[in-house]
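The values are calculated or read from the model by the stated rules, or taken from the named source; none is laboratory data. Only a predicted model underlies this, so the values are computations on that prediction, with no experimental measurement involved. Neighbour counts run over all protein chains shown; Cβ positions are idealised from the backbone, glycine included.
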Amino acid sequence: MSNFHKGSVLLLAALAMGLAACGGGSMSPRGASAVQASPNNPSQSALANNSSAADSFVPQQNGNAGASNVSKVSIRSALKVPSSTPIWAHLMVWFGQSNHMNVGYDSADPNQVHKQLDDMQSRGIKGAIIDWYGTDASHAHENSAAIAVMQDAQDRGGFQFAIMEDAGGGPQLCAQTPGCDVTDQLINDVNYAISHYAQSSAYIQINGHPAIFFFGLEQFPVDWNRVRAKAQGSPVFIFRNAVGFQSPQTNGGFSWVNVNTADANDWGQSYLDSFYAAGMEHGKDAVVGSSYKGFNDSQSGWGTHRLMNQNCGQTWLATLDEIGKYYGGNPRLNGVQLVTWNDYEEGTEIETGIDNCVSVSAKAAGSSVAWQVSGNEDTVDHYAVWSSSDGQNFKHLTDVAAGTHSADLSSANISSGNGVKVYVQAVGKPSMINHISAPVTF
């Protein structure tokens, strides 16, 4: 997502993305879950891509990791907020079109949607906020993808979704069309969203009302009083940034990622603090916080070289932790939005995992295995010890807490004569990439 007018740079985006495109990947049959290495799946590889990203996706210069083995430790474990607070992922649904980067899948493919929602749930995410571009025929692909998300969410139960109207869609197209009234366009879009999506049993409700989020609408002269008067279904309107609490007809605000172009290591603490403080002051309004890994728009056709460093996962952990400083134990936080699940073009995606820059080296020590870790161990949740005779199929042996660097395997019945090797895997904090050692011979 961008503050800039995407619609006017689609051709430029298509040309720019051609250099960074990744090869297409085959889709799994609907109902097939992503591979996950765990004690419950001992025959599956601890090395394989267990995310919903295409197997063909390779690392990019903007910091997006390639398809990876990602930690499925619940994101909730890194949040110091009440367990009732839902975690939502911001979902881009424009991939599969020629005017966007090729990430190896089509966002409107129900099989891919199913994989993504499976992956989200496996990480403790309760819902998806869909980046939606309105009712214009030029955005039919995104609308089809949103329908697929709705249908899949309904089928699985317990998973939510909502619409966020992006100014780069219908409103921008209307503003560029002589005689088109942006307020009328927005009314049509809102009522379409209410009638086609908000009636779903899976739609996100805030205080008993369907939630409509708005991104970037402040750039247009919208008559919000008229929008409110004409909107059906009594929705709540949620606007971006701290100023969103002051927007006409607002019912609340959501935070985003704010890039300091003068300091790439500024992870946005002052921005988030300002937003959460404003939320505390507006006690009757909805508050949706945010967490993100970083930002790098060098791969997007609309990029302006904005950069927020990931700092080997520290940005992600810091933004998760900051929420609890204001809303720890406070049930007034209506949700946490992860920015984003899959915006590969602006380098905010967490679908492929976040690299914590950790590596593990192991060695046999009698009947034990011992290991050393390079990188910041604060990003490691625990260690998993595996055995394998072929380097493809793994058997889980034991888990060891972070900070401990050895494990007694005397009862594991490991026989070197059978060609069995032992591996130590540093399982990352939530959504971080898992790193595994070279094989150890006993």
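Structure above, values below:
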| quantity | calculated |
| --- | --- |
| So N330, is it out of contact with any Lys or Arg (no Cβ under 8 Å at 6 or more places or on another chain) and surrounded by fewer than 17 Cβ atoms within 10 Å (Cβ to Cβ) | yes |
| Unique match (being free of Cβ contacts under 8 Å to residues at least 60 places away in the same chain and over 29 Å from T352 (Cβ atoms)) among S247, S290 | S247 |
| Odd one out for S298, checked against (1) touching a Ser or Thr at 6+ places or on another chain (Cβ under 7 Å); (2) assigned by TED's automatic domain parsing to the domain that holds N64; (3) over 26 Å from V236 (Cα atoms) | (1) |
| Residues within region 347-361 that are crowded, with 24+ Cβ neighbours inside 10 Å and of a type outside the set (S, T, N, Q), tallied | 6 |
| Looking only at region 54-66, and only at residues there that are hydrophobic (A, V, I, L, M, F, W, C) and surrounded by fewer than 24 Cβ atoms within 10 Å (Cβ to Cβ), the one that is nearest to S359 (Cα to Cα) | A65 |
| Out of G279, G324, sole residue that is touching a strand residue (DSSP E or B) at 6+ places or on another chain (Cβ under 6 Å) and in a helix (DSSP H, G or I) | G279 |
| The one condition in (1) modelled with pLDDT of 95 or more; (2) crowded, with 24+ Cβ neighbours inside 10 Å; (3) part of a loop (DSSP other than H, G, I, E, B) that V113 fails to fulfil | (3) |
| Cβ pairs under 7 Å, 6+ apart, first in region 255-277 and assigned by TED's automatic domain parsing to the domain that holds N296, second among the small types (G, A, S) and part of a loop (DSSP other than H, G, I, E, B) | V257/G268; N258/G268; L272/S255; F275/S255 |
| Search result, residues across region 223-239 that are in contact (Cβ under 8 Å) with a residue 24 or more places away in the chain, farther than 25 Å from G289 by Cβ and not charged (D, E, K, R) | N225, V227, A231, Q232, G233 |
| Residue check, I194 within 22 Å of N241 (Cα to Cα), assigned by TED's automatic domain parsing to the domain that holds D166, surrounded by 15 or more Cβ atoms within 10 Å (Cβ to Cβ) and not acidic (D, E) | no |
| Hits in region 273-307 - residues which are among the β-branched types (V, I, T) and under 22 Å from Q249 (Cα atoms) | V287, V288 |
| Selection within region 310-338 - under 17 Å from the mean Cα position of the chain (by Cα) and either within 15 Å of N62 (Cβ to Cβ) or modelled with pLDDT under 95 (or both) | Q310, T315 |
| Selection count, region 163-191, where residues are under 25 Å from V288 (Cβ atoms) and out of contact with any helix residue (DSSP H, G or I) (no Cβ under 9 Å at 6 or more places or on another chain) | 1 |
| Region 116-144 residues that are in the same structural domain as V93 (by TED's automatic domain parsing), paired with ones that are of a type in the set (D, E, K, R) and part of a loop (DSSP other than H, G, I, E, B) (beta carbon under 7 Å, 6 or more apart) | S122/K72; R123/K72 |
| Residue count for region 232-251, restricted to those that are closer than 16 Å to H209 by Cα and in contact with a Phe, Trp or Tyr (Cβ under 8 Å, 6 or more places away or on another chain) | 6 |
| Test: residue in region 94-107 that is over 17 Å from F57 (Cβ atoms) and either crowded, with 22+ Cβ neighbours inside 10 Å or among the charged types (D, E, K, R) (or both) | no |
| Candidates P178, P171, filtered to the one that is outside any helix (DSSP H, G or I) and either buried (at least 21 other Cβ atoms within 10 Å of the Cβ) or free of Cβ contacts under 8 Å to residues at least 12 places away in the same chain (or both) | P178 |
| Filter result (assigned to a strand (DSSP E or B) and under 30 Å from C312 (Cα atoms)) within region 282-297 | V287, V288, G289, S290, S291, F295, N296 |
| Residue count, region 126-162 (criterion: assigned to a helix (DSSP H, G or I), farther than 20 Å from T85 by Cα and among the small types (G, A, S)) | 7 |
| Residue count for region 363-387, restricted to those that are under 12 Å from V424 (Cα atoms) and within 32 Å of the chain's Cα centre (by Cα) | 9 |
| Residue match in region 128-137 (condition: over 17 Å from the mean Cα position of the chain (by Cα), closer than 21 Å to R228 by Cα and buried (at least 23 other Cβ atoms within 10 Å of the Cβ)) | yes |
